[in-house]
């Protein structure tokens, strides 16, 4: 009789333990799901954010970075709801350290940084597309504003949110960046520079 009672008690203990384990797991999952739904709003960490660029011509290409001056964004439910990013054009760098090239990019026939020291991007619309975000916004360069769209993703890790794009292209001719452009000059032969500039970025913010 004692053995039967002991067996019943043991089975009951196992069942209680198993039920408690399942309940705990469900609570953890619920907390995790809740964390993913929490809104994020904060300033951009400009020291750990960067914009990458790549320009090309028939004889080769150059690539480098530009830093942000300031920015802010609001993220909710895995989507960026609001975002304004100010680009510091005076921080243009070329990966090969080409000072002559950088100086030319800052001149009047390119980005005219002395007259237009900053560029700006403002998020206007976001849609989910194939598990990613199709981000549309107004890009302003040299006081000319054009709407662009690119694919991006949002990830949140504790106190840090990362807004990261895939590579996208911007037509510099749309912003009156004329040097070596077939859109403005004829008979350039093979001395032209492609109008399309590749960009990508990684922007981080902290609560």
Residue match in the range 101-114 (condition: without any contact (Cβ under 8 Å) to a residue 60 or more places away in the chain, outside any helix (DSSP H, G or I) and under 21 Å from residue 169 (Cβ atoms)): no
Of the conditions (1) touching a helix residue (DSSP H, G or I) at 6+ places or on another chain (Cβ under 6 Å); (2) assigned to a loop (DSSP other than H, G, I, E, B); (3) more than 30 Å from residue 189 (Cβ to Cβ), residue 68 fails just one. Which one is it? (2)
Positions within the range 62-83 being at pLDDT below 95, surrounded by fewer than 15 Cβ atoms within 10 Å (Cβ to Cβ) and within 22 Å of residue 116 (Cβ to Cβ), in sequence order: 70, 72
Test: residue in the range 190-198 that is exposed (fewer than 13 other Cβ atoms within 10 Å of the Cβ) and more than 20 Å from residue 64 (Cα to Cα): yes
With the requirement that a residue be closer than 15 Å to residue 57 by Cβ and in a loop (DSSP other than H, G, I, E, B), what does the range 185-207 give you? 185, 188, 192, 193, 194, 195
Against the condition without any contact (Cβ under 8 Å) to a residue 60 or more places away in the chain, surrounded by fewer than 15 Cβ atoms within 10 Å (Cβ to Cβ) and under 23 Å from residue 86 (Cβ atoms), how does residue 144 come out, does it pass? yes
Take residue 164 and tell me if it is more than 18 Å from residue 87 (Cα to Cα), assigned by TED's automatic domain parsing to the domain that holds residue 86 and out of contact with any helix residue (DSSP H, G or I) (no Cβ under 8 Å at 6 or more places or on another chain). no
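Looking for whichever is part of a strand (DSSP E or B) and more than 21 Å from residue 69 (Cα to Cα) here; the options are 126, 170, 161. Which one fits?
Numbers: 170 fails: more than 21 Å from residue 69 (Cα to Cα); 161 fails: more than 21 Å from residue 69 (Cα to Cα).
The unique qualifying residue is 126.
The values are calculated or read from the model by the stated rules, or taken from the named source; none is laboratory data. Since we're looking at a predicted model, the values are computed, not measured. As a convention, Cβ positions derive from the backbone with ideal geometry for all residues, glycine included, and neighbour counts pool all protein chains shown.
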